[in-house]
Amino acid sequence: MNTKGKSILIVEDDPKIRQLIKIYLENDGYEVWEAEDGKQAIDMFERYDPCFAIIDLMLPEVSGEEVCHWIRVEKKSDSPIIMVTAKVDEKDRIHGLKIGADDYITKPFSPNELVARVEAVLRRTANRCSKISYQGITLKPFKGEANYRGANLSLTKNETKLLHLFMQHPNQVLSREQMIDYLYPHAEKDITTRTIDVHVRHLREKLAQVDAPDCIQTVRGMGYKFVAF
């Protein structure tokens with residue numbers, strides 16, 4: 001279950017290390033994507049737009065440094081990055097930070113320490129990079145952008161706000177009255193619950209257009225619930 005609304009891309013060519021990191025992150029509530037080389041990392045970052053990246057420095061095809069440079073310069077993404085490497089020289093750590101990494105951890109490392117570092121970086125970068133993600137649906141609320149695994153969702157302002165409300169309260173039933181208060185806090189005329197039903201229907205239709213999972217459930221007599229797992 002993804003309780004944090006954060007998706008993380010692990011870029012590591014050693015399958016054992018990659019799987020170990022994945023297990024610890026998923027146990028802590030993150031949605032995890034995996035790449036085994038730099039080329040695949042770029043492809044997957046382009047497709048999934050993850051909220052965070054953990055990148056090994058020494059990778060086949062395309063190096064971790066090149067992936068980091070691509071994310072920062074070509075993709076122009078502010079997603080936090082932790083570089084992972086066996087190199088221990090200070091100059092290597094400094095170089096990793098200069099090319100755009102937010103933190104640096106050397107092998108061997110404790111998976112618990114890595115998870116703690118992820119949490120610390122997310123706290124430091126909370127105002128810089130705001131994304132929330134569940135089941136492959138990623139929302140950037142301040143930019144008004146949403147996508148499903150790279151496929152753009154052309155949402156109206158109210159549909160974007162509604163999706164944000166759902167994703168802020170995963171697996172919780174929200175009443176139509178709560179949605180009216182959130183979408184129309186200063187409404188000068190009465191907004192009926194029928195208006196909310198129309199917004200939900202349109203949001204469901206747009207999610208279906210990109211083959212996103214049917215994650216908005218109707219709870220009879222109560223309202224709607226966004227199922228995050």
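Entry note: region 150-227 has Rg to Rh equal to 0.95, where both radii use alpha-carbon atoms and Rh is the Kirkwood radius. Quick one: helix 111-124 against the long Cα principal axis of the chain, what's the angle to the nearest 10°, folded into 0 to 90? Once rounded, the angle reads 60 degrees.
Tell me the relative contact order for the chain as a rounded percent, counting alpha carbon contacts under 8 Å between residues six or more apart. So the answer I get is 17 percent.
Any idea what the relative contact order of region 7-124 is, in percent, if you count C-alpha pairs under 8 Å spaced at least 6 apart?
This gives 23 percent for region 7-124.
Express the Stokes-Einstein translational diffusion coefficient of the chain in µm² s⁻¹, to the nearest whole number, given a Kirkwood radius over alpha-carbon pairs, 37 °C and a viscosity of 0.692 mPa s. For these conditions, the coefficient is 175 µm²/s. Here the 3J(HN,Hα) profile of region 141-148, calculated from phi with Karplus coefficients 6.51, -1.76 and 1.60 at θ = phi - 60°, is x, 6, 9, x, 10, 9, 8, 10 Hz, Gly and Pro shown as x.
For the peptides 154-160, 218-224, residues were scored by their other Cβ atoms within 10 Å and the scores averaged per peptide; the highest-first order is 154-160, 218-224.
The percentage of C-alpha pairs in region 99-229 whose separation is greater than 17 Å is 64%. The alpha-carbon of K157 sits under 29 angstrom from the alpha-carbons of these lysines, leaving out residues fewer than 8 places away in its chain: K4, K6, K75, K76, K131, K140, K143, K189, K206, K225.
Our summary gives region 116-229 a relative contact order of 27 percent, counting only alpha carbon pairs under 8 angstrom and 6 or more residues apart. Distance between the 7 Å Cα→Cβ label points at Y182 and V73: 4.1 nm.
Taken together, the values in this text are just the output of simple stated rules run on the coordinates, not laboratory data. A quick note: this is a predicted structure, and the numbers were derived from the prediction, not measured. Positions of Cβ are generated from backbone atoms using ideal geometry, with glycine treated the same way; all protein chains shown enter the neighbour counts.
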